[in-house]
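Inspection log for the structure reproduced underneath, given as structure tokens.
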Amino acid sequence: MQIGMIGLGRMGANMARRLTSGGHQCVAFDRNRETVDTLAREGPTAAYSLEEVVEKLTAPRAVWIMLPSGAPTEETVLALSKLLQPGDAIIDGGNSFYKDDVRRSAMLKPSGVHYLDAGTSGGVWGLERGYCLMIGGDQSSAQRLDPIFATLAPGPGDIPKTPGREEMKSTAELGYLHCGPSGAGHFVKMIHNGIEYGLMQAYAEGFDILRGANSDNLPAGLSYDLNLADIAELWRRGSVVSSWLLDLTATALASDRQLNGYTGFVEDSGEGRWTIAAALDEGVSAEVLSVALYTRFRSRQEHTFAEKVLSAMRKGFGGHVERPPAVKMKQGL
């Protein structure tokens, strides 16, 4: 199947590679010509403008946008809306705000161009592990693009079936799901990332407490000099708190036990804020997720070992690198 991939950053390029290795014809475009040339040597077809992407695709076309939320995505959707034809589809795989998806879908409807929002989780490991996809928008378009989603998704792997789901027919077990109408995909991804904040915060605080167990403030006989790298590795094996985030933590601690390579400056990419706003709109209590978000704000003024653990996890799953101090000060962070 043909598909255009717009944006060849940490995730977009690997998604193009996974689609190409899965037998799809991927037309790849990025503002950086060198990035396009490099990827084209691996199989995808190079394009050097949005116009060229559209020209190289056969109707009904599908164009996947993998750009930062906000202006970059908005401008690209508007530009594509003038180039595509009725029956074509735009898929936004970034982390757009779900209300923007609803607006864009309505804007495109008169032209007959379909708009799908695809919350994408997998980070820099997606090429190997696959991408968990949360899809919103026109169901018929989602069905037409099912081969694309199935290739990007991880598949069933070796995860045992959930008891009670034996008779249920759903693509969820394959790692992708049409969640509902426009905005539903990014809404589910937004909450996914809000939960991610809370899980990361729990690990970070736990390891900070373990690290502080040898404090001079503790009574004699009640302090412990614990090997955090070994404890992280231990918990990976049979513990109820095992997870991919713990795997990343164990990897970080194994290579840098004091996490001296991290300052503890922790970014937030927007979804945590939107999750709390949704909770407020719904009147739903979200104490843990709120605290996790506020902790990231605080990390920009003072840093603890817990924040270093958070930063290490973010680099592990998403390749997020801390900003240098000069940039932080310049932006007032």
**Request:** Tell me which residues come under 5 Å, amide H to amide H, from W64 once H is placed; ignore anything under 5 positions away on its chain.
**Result:** G4, M5, I6, I91
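Given an 8 Å cut-off on Cα distances and at least 6 residues of separation, report the relative contact order of the chain as a percent.
Numbers: 560 pairs, mean separation 45.1, N = 333.
Normalised by residue count, the contact order of the chain is 14 percent.
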**Prompt:** So how far, in whole Å, is the C-alpha centre of region 280-322 from the one of region 147-224?
**Reply:** 15
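What number, in nm² with one decimal, is the all-direction average of the projected area of the convex hull of the alpha-carbon atoms of the chain? Walk me through the numbers before you get to the answer.
On the way: hull surface 79.9 nm².
If you wrap the Cα atoms of the chain in a convex hull and average its projections, you get 20.0 nm².
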**Message:** Report, to one decimal in Å, the Kirkwood hydrodynamic radius for region 8-72 based on all distinct Cα pairs.
**Reply:** 12.0
**Asked** If you count, for each residue, the other Cβ atoms within 10 Å and average over each peptide, how do 6-12, 42-48 line up from highest to lowest?
**Response** 6-12, 42-48
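Exceeding 25 Å between C-alpha atoms, which entries from my cross-link table qualify? They are K82/K189; K189/K315; K109/K189; K161/K315; K99/K315.
Working: K82/K189 28 Å; K189/K315 19 Å; K109/K189 23 Å; K161/K315 31 Å; K99/K315 28 Å.
Beyond 25 Å between Cα atoms: K82/K189; K161/K315; K99/K315.
Rounded to a whole number, what % of the accessible area of region 92-167 do carbon and sulfur atoms account for, probe 1.4 Å?
On the way: 2090 of 3690 Å².
C and S atoms contribute 56 percent here.
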**Request:** Determine ³J(HN,Hα), in whole Hz, for all residues of region 66-82 in sequence, where each value follows from phi through the Karplus function 6.51 cos²θ - 1.76 cosθ + 1.60 and θ = phi - 60°; x replaces Gly and Pro.
**Result:** 10, 10, x, 5, x, 4, x, 6, 4, 5, 5, 4, 4, 5, 5, 4, 8
**Asked** Can you give the Rg to Rh ratio for region 157-293, taking only C-alpha atoms and Rh from Kirkwood?
**Response** 1.05
**Derived scalar couplings ³J(HN,Hα) [region 9-16; Karplus, 6.51 cos²θ - 1.76 cosθ + 1.60; whole Hz; x for Gly, Pro]** = x, 4, 9, x, 5, 5, 5, 4
**Prompt:** Could you give me the ³J(HN,Hα) list for region 292-299, computed from phi with Karplus coefficients 6.51, -1.76, 1.60 and θ = phi - 60°, whole Hz, x at Gly and Pro?
**Reply:** 4, 5, 5, 5, 5, 4, 5, 4
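With n ≥ 4 as the cut-off for DSSP H runs, can you work out [θ] at 222 nm for the chain, using -39500 (n - 2.57) per run divided by the number of residues, rounded to the nearest 500?
Calculated at 222 nm, the ellipticity per residue is -14000 deg cm²/dmol.
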**Message:** Rg and Dmax in Å for region 204-277, alpha carbons only: what are they?
**Reply:** 15.1, 47
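Relative contact order for region 78-187 using alpha-carbon pairs under 8 Å, separation at least 6, rounded to a whole percent? Let's see the in-between values first.
Working: 188 pairs, mean separation 34.7, N = 110.
The normalised contact order for region 78-187 reaches 32 percent.
The values are calculated or read from the model by the stated rules, or taken from the named source; none is laboratory data. Treat the numbers as computed from the prediction; the structure is a model and nothing was measured. Every residue, glycine among them, receives a Cβ derived from its backbone with ideal geometry; neighbour counts consider all protein chains shown. Each accessible area value is taken on the protein alone, full model and side chains, heavy atoms only, with ligands, DNA and RNA left out. Shrake-Rupley method; radii C 1.70, N 1.55, O 1.52, S 1.80 Å.
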